[in-house]
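Encoded as structure tokens, the structure appears first; notes follow it.
What follows draws every value from the coordinates through simple rules; no lab data is involved. What you see is a predicted model; the values in this text were computed from it and never measured. FYI the Cβ positions are ideal-geometry reconstructions off the backbone, even for glycines, and counts take in every protein chain you see.
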Amino acid sequence: MSRFLPLALLAGLVVLPLALGPNPYLLNALIVTGILTIGAMSLNLLLGYTGQLSLGHIAFFGIGAYVSALTSLGFDVEIGFGLRVVHAPWPAAVGFLLATVAAGSCGYLIGRLSFRVRGAYFVIVTISFAEVVRLVALNWVELTQGPLALTNIPAITLGLPGLGMWTLKTKLQNYYLVLAVGTLCYGVIARLVGSQFGRAMRGLKENEPLALSVGINATRTLTVAAVISAAMAGAAGSLYAHYLRIIDPDVFLFATTVSMVIMVVAGGKGTLLGPIVGGLIFGLLPVALRPVMAPEAQWIVYGLVLIVILFVMPRGIVPGLSGLLGRRSAPTVPVLEASPAVQR
Amino acid sequence: MDELIQHLANALILGGTYALLGIGLTLIFGIMNVVNFTHGALYTVGAYVMYLAVAGLGLNFFLALPVAILGGLLLGAAIELLLLRPFRGSDIDTTMLVMIAAGIILQSGTLWTFGGVAKAIPSPFPEAPLQIGPVSLSWLRLFVLGAALALIALSYALINRTKLGLAMRAAFQDADTAALMGVDVRRIYTATFALGSSLAAAAGALLGPVYVVFPQMGGLAELKAFAIVILGGLGNVTGAAIGGFILALAEEFGAGYVSSGYRDAMGFLIIITVLLCKPTGLFARAERIG
Amino acid sequence: MPGRFTLTTAILLALTATGAQADAIRIGVNEPLTGPFAASGTYVVNGAKIAADEINAKGGVLGKTIELVIEDNKSNPTEAAAVAEKLITSDKTPVMMGAWGSSLTLAVMPKLMDYETPMLVETSSSGKITTSGNPYVFRISPPSSLEAETFAPMVGRLGLKKVDFLVLNNDFGRGAATDFGKMLKDKGVTVGLVETMDQGAQDMSAQLSKLKASDSDTIMITSSVDQLVLLFKQMAALGLKKRVITTGGSQNPDQIIAQAGAAADGTMHLTTFLPWSPDRTPDPKATAAFIDAWKKRGFEFAGVTESFRGYDGIRAIAHAIETAGSTDPAAIAKAFWSVDFVGLNGPIRFAKAGPAGKESGQSKPDVYLIEIKDGKVIVPTL
């Protein structure tokens, strides 16, 4: 059952645009939701499987967006001491790869950090990291154009030798690109979680002293998880930049992290399908609410829904529903007990 | 030299309200182990209550201030009773998310009610500054500093000199033992959260007339409060007070001598540096508050 | 909660179609109705509504009524681009007006190229807008270079010797500092510090303390009205008493007087409209009628220095549609070149600007220097 469900979901998502017909509005909503859901899936790897609440996750997303955009636009900046760095535009697909690498490297730093500072300190340090990156994007005008936004970002071009080039300009093409990247990320996470490494992650989360005593290398495990998580968020950011074709420092807003956290927590942290279910619900909720209420009121509903879910189904929708249906659930992890990680 | 002294004076005045913001946040964390993500929204609410009282009801400026503080107190108590009490016993991540949700609701609620256009609160102080040698000090800002210091002193007295304060300190050290000794911990939690919230509202009500009032004003204030609290060590009240002044100094000198664009980055750079070098904050967590 | 909750939802929301009126000509309006520029954007939209109602009362355009499709760009460039795409693809507006700020307009411009749809720019002042080779842009506000050019003869008479700048850290502010700086240097005036501030910044004491310590005689400021109010209050608090001249035309002197009080006394402002003395405007009758309509709707008088742009913008668009004789975007773009009428701040007539072959249109409005004295706006005689 649980093996069949993801495939059914994928099949549903593949045929969805055909069922919807040419509806640019809904397609756009689905693409943005898809990109955010990839971000949520990557966040789940940290939050759900290792128990590290990183509220600076948007930093990786934004770094991915900027690296990808700048790689494909080119730049010419002075870095001090009279030295200039000049970069000629490269294809957007290269930008996508560099975005994952750059975000992954930043993930390495956060992963190392997560071992030094825990609990509330870790949460605040990740928020600060994202804010500093945002302020750099805002103020390093020569490189990032600051508040003027990077415009005219090219769409991603896929090329296969002998088959010619293919520029993903239409919404439909972007939808399938996002779906493909999302499926890839899902596959990677599923493999990872099912492996030896996944058991090490969960072991650390559930009982750290025990995990350490059986020889699990905590630093290495957390760092690897953070790198993979950040790289995926960077990939999502790159998709975002090349789809919208304009980004500004507001891409780093804390609110987007909050959206992703809501998706993960509501869907079910520590489950494979949780972030996807949460992502689809909270990504598409605005579409349903739009005709009936103002954006501010929608955010109020968002907040209320989050509180209700935390209260009624603290483990999230997916584990909650599986429990309700008495089905064997996807591997879920109990909610953290009064966190030993907090420094008291 | 004159410029340097002026920067110092600016920082001192700003530091008072920063300290106020930090103390409220650190108190709640220290006693309740809750990272209060509604702190910024409460700051905003304080400023709007002040605006409503002064510009809407025509209330005297000095009478409006306690009204705003009371507003923060009541709202804080309501949040604690409605949202935190049911989640008591949940892990810190869950309460953090509940607070994030409550913050969203409050901020969107202010935007919905008051609209996005910034409002100005008229103040009764003269525009012309107090001139001491080369340094100019605005009367309004001097009052704000004085009021902030008075409120800080009051909070200290409340924690150290009253029965409620004694119970709070007991709950801070060991909630379970305190409960065994007959302290109603649930009431202490409500009181603590209300007190912390009223300090945030007070900071908003004091800074509202200095700047302008708008629904997103709490966002940056909240992040700054985090910086201050981290600087001082989570849960350390004195540390937060000192942290407030350090942050103000760093911002003012950063903007004056490094680059004005990175003014707001100073706080975060401080957080990251402090946590990397001394993860428990500049001032190690006190064994007792006060 | 830190930050604004706009990013993702807004992009999702921005693309819904708004309910259509069957037989109307739709004009897209892309303005900041929330965020730091909310006040100004709202004024412009209200001015636009007056123009639309007036035109419809006279029988509309091409025998049809006009309908404004108004969308909020939240003072954010990414939102502005999303709004433009929504207006063009979803609402099928053949022509738009927007997007207030220079950064917002620049973000929209690639969309105009993509969809070959013209836009009338009513407020933005960055030079880049009309020099980057976008043939779908028609601007009625003065670029800062034009503002500087008009101000040039007054430099000597004001006796400027050394000028510092305090500007917004964006196209609007930086553009003004560059253009005015160049003009001043040509006039033999020394240019000192160029300080910047963030568009949402609240406390500028540090920058002002720096400016206070400098040996300049004048500070030129480019920002929007909310920040100017804060700046004047903080200058008074710091005892900073240099001559202040603001640029950019988004100052709303009456709002400054109301909110900054005595702190604004003696400040000078470059503005593009003289509602305080309708007799001195190019079309006194139209000015009086507009101010009358504005007051009748219960709006604050302070807003007219911004709202007239929305009013003139929609009138110019109506002229273009009338000339084009159709609602085809390409025909309207072409017809903009033959628009010629007297707006509230001078003739609206588009001259070619930018690289040959893909020129943008730039109208040349009047620019005036006004001064706030004893809580009143006066036009100083120089």
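Annotations
- For peptides B:2-8, C:313-319, sequence by mean Cβ density within 10 Å, most packed first: C:313-319, B:2-8
- Toward the positive end of the charge dipole of the protein assembly as shown, with +1 on the Cβ of Lys and Arg and -1 on the Cβ of Asp and Glu, the farthest Cα among B:Leu151, C:Pro94, A:Gly270 is that of A:Gly270.
- Across B:Ala203, B:Ala221, B:Ala178, mean-square fluctuation computed from a Gaussian network of chain B (C-alpha pairs under 10 Å connected) peaks at B:Ala178.
- Helix axis angle, B:92-114 relative to chain B longest principal axis, alpha carbon, degrees: 40
- Normalised by the number of residues in chain C, the mean separation of alpha-carbon contacts (under 8 Å, six or more apart) gives a relative contact order of 19 percent.
- Taking every residue in B:270-278 and counting other chain Cβ atoms within 10 Å of its Cβ, the average works out to 3.
- Full extension of the chain segment joining A:Leu18 with A:Leu321 gains 106.2 nm, where the gain is 0.36 nm per residue of separation less the Cα-Cα distance.
- Shielding by partners for peptide B:118-128, expressed as the average number of C-beta atoms from other protein chains within 10 Å of each residue's C-beta, is 4.
- Highest mean first, the peptides B:16-23, A:302-309 sorted by other C-beta atoms within 10 Å per residue fall in the order B:16-23, A:302-309.
- Between the beta carbons of C:Lys334 and C:Met113, assuming R0 = 25 Å, the FRET efficiency works out to 0.95 to the nearest 0.05.
- Each Lys and Arg Cβ is given +1 and each Asp and Glu Cβ -1; about its Cα centre, chain B then shows a dipole of about 560 debye.
- With a cut-off of 20 Å on the backbone N, the residues of the stretch C:78-93 near the modelled label site 7 Å out from C:Ser132 along Cα-Cβ are C:78-89.
- Segment C:Glu371..C:Glu300, full-extension length gain: 23.6 nm, with 0.36 nm per residue of separation and the alpha-carbon distance subtracted.
- Cα centroid separation - the stretch B:54-102 against the stretch C:272-298, whole Å: 47
- Length-normalised contact order of the stretch A:23-253 in % [C-alpha pairs under 8 Å, at least 6 apart]: 40
- Estimated from helices alone, the mean residue ellipticity of the protein assembly as shown at 222 nm is -19000 deg cm²/dmol (sum of -39500 (n - 2.57) over DSSP H runs with n ≥ 4, per residue).
- Taking C:Glu195, C:Glu31, B:Glu127 and counting other C-beta atoms within 10 Å, the order from fewest to most: B:Glu127, C:Glu195, C:Glu31
- Given A:Lys171/C:Lys111; C:Lys182/C:Lys212; A:Lys171/C:Lys358; C:Lys162/C:Lys241, the pairs whose alpha carbons are separated by over 21 Å: C:Lys182/C:Lys212; A:Lys171/C:Lys358
- Remark: for residue pairs C:Lys64/C:Lys334; B:Lys119/B:Lys224; C:Lys58/C:Lys295; B:Lys119/C:Lys185, the C-alpha separation exceeds 30 Å in B:Lys119/C:Lys185.
- For A:30-37, mean number of other protein chain Cβ atoms within 10 Å: 2
- Using R0 = 56 Å, the C-beta based FRET efficiency linking A:Val86 and B:Leu166 works out to 0.25.
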